[in-house]
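Participant: The structure's right below; bear with me while I get my questions together.
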Amino acid sequence: FFEPQDVPLLYPTWVRGQLDPSFQPLHLTLTDEAKPLAAAARRRECVLNAGEVLFVPAGTPHFVENLTDTVAVSGNFVDESNLPGVLKELYFTGLRNPAMKQLAEVLNSYEFEEPDIGHPLPADQMAVSYEEFHNGTGFYLPR
């Protein structure tokens, strides 16, 4: 995945009616001699093993290369941290799609509860293996 600030280096395009940029498949952009700026984009790579999960923040350009036969599940996560951006996009797309406007209105009326974790997690405890997650041993609980 790439730093969100590096989006312009990845030669984005915008589809009419959408707020988020689209990209030619990024693995092709990175090898295209006609797109020299792409080489300057800050790139991070990781390999996930069976049962592991990766959170990709909103606005982070990324691509996936499956190294073996793979079943993947993805979804979008909405909480107070990204609600304003989600509402902006839903209301915008709601101008053409009434279901998106209705979803925005439902989300806008929802009252999020603050989790009581004491203080933010240290960086070294932000990622846990599936086994740690599943066993409940990968969570930081303040005393």
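Participant: Mind counting the residues in the range 48-65 that are open to solvent by 60 Å² or more (accessible area, probe 1.4 Å) and either farther than 19 Å from Phe23 by Cβ or among the hydroxyl-bearing types (Ser, Thr, Tyr) (or both)?
Facilitator: Within the range 48-65, residues that are open to solvent by 60 Å² or more (accessible area, probe 1.4 Å) and either farther than 19 Å from Phe23 by Cβ or among the hydroxyl-bearing types (Ser, Thr, Tyr) (or both) number 6.
Participant: Something else now. Considering the range 71-84 alone, what residues qualify as being exposed (fewer than 14 other Cβ atoms within 10 Å of the Cβ) and modelled with pLDDT of 85 or more? Break it down into steps so the answer makes sense when it comes.
Facilitator: Taking the range 71-84 as the starting set, the residues that turn out to be exposed (fewer than 14 other Cβ atoms within 10 Å of the Cβ) are 71-77, 79-81, 84.
Residue satisfying the conditions is Pro84 alone.
Participant: OK, next. Which residue pairs have Cβ atoms closer than 8 Å, lie 6 or more positions apart in sequence or on different chains, and pair a first residue in the range 46-57 that is farther than 20 Å from Glu3 by Cβ with a second residue that is outside any loop (DSSP other than H, G, I, E, B)?
Facilitator: From residues that are farther than 20 Å from Glu3 by Cβ, the pairs are Ala50/Tyr130; Gly51/Tyr130; Gly51/Glu131; Gly51/His134; Glu52/Tyr130; Val53/Tyr130; Val53/Phe133.
Participant: Take Ala99 and tell me if it is open to solvent by less than 60 Å² (accessible area, probe 1.4 Å), in contact (Cβ under 8 Å) with a residue 12 or more places away in the chain and more than 18 Å from the chain's Cα centre (by Cα). Step through it out loud before you land on a result.
Facilitator: Working: open to solvent by less than 60 Å² (accessible area, probe 1.4 Å): yes; in contact (Cβ under 8 Å) with a residue 12 or more places away in the chain: no; more than 18 Å from the chain's Cα centre (by Cα): yes.
No: the conditions fail for Ala99.
Participant: So which of Gln18, Gln5 is under 25 Å from Asp79 (Cα atoms) and either in contact with an Asp or Glu (Cβ under 6 Å, 6 or more places away or on another chain) or in a helix (DSSP H, G or I) (or both)?
Facilitator: Working: Gln18 fails: either in contact with an Asp or Glu (Cβ under 6 Å, 6 or more places away or on another chain) or in a helix (DSSP H, G or I) (or both).
Answer to the check: Gln5.
Participant: List every residue pair whose Cβ atoms sit under 7 Å apart, with the two residues 6 or more apart in sequence or on different chains, where the first one lies in the range 79-94 and is in a helix (DSSP H, G or I) and the second, anywhere, is of a type in the set (Gly, Ala, Ser) and surrounded by 12 or more Cβ atoms within 10 Å (Cβ to Cβ).
Facilitator: Gly85/Ala58; Leu87/Ala104; Leu90/Ala104; Tyr91/Ala104; Gly94/Ala104
Participant: While we're on this one: List the number of the failed condition for Ala39; all other conditions in (1) over 30 Å from Gly94 (Cα atoms); (2) in contact with a Cys (Cβ under 7 Å, 6 or more places away or on another chain); (3) hydrophobic (A, V, I, L, M, F, W, C) hold.
Facilitator: Only one criterion is unmet by Ala39, namely (2).
Participant: Going residue by residue through the range 31-41, is there one that turns out to be under 17 Å from the mean Cα position of the chain (by Cα) and at pLDDT 85 or above?
Facilitator: Kept after step one, since they are under 17 Å from the mean Cα position of the chain (by Cα), are these residues of the range 31-41: none.
No, every residue in the range 31-41 fails to be under 17 Å from the mean Cα position of the chain (by Cα) and at pLDDT 85 or above.
The values are calculated or read from the model by the stated rules, or taken from the named source; none is laboratory data. These figures come from a predicted structure and were not determined experimentally. Here the Cβ is made from the backbone with ideal geometry for all residues, glycine too, and neighbour counts use every protein chain on show. Surface accessibility is based on the protein's heavy atoms, side chains included, excluding ligands, DNA and RNA. Shrake-Rupley method; radii C 1.70, N 1.55, O 1.52, S 1.80 Å.
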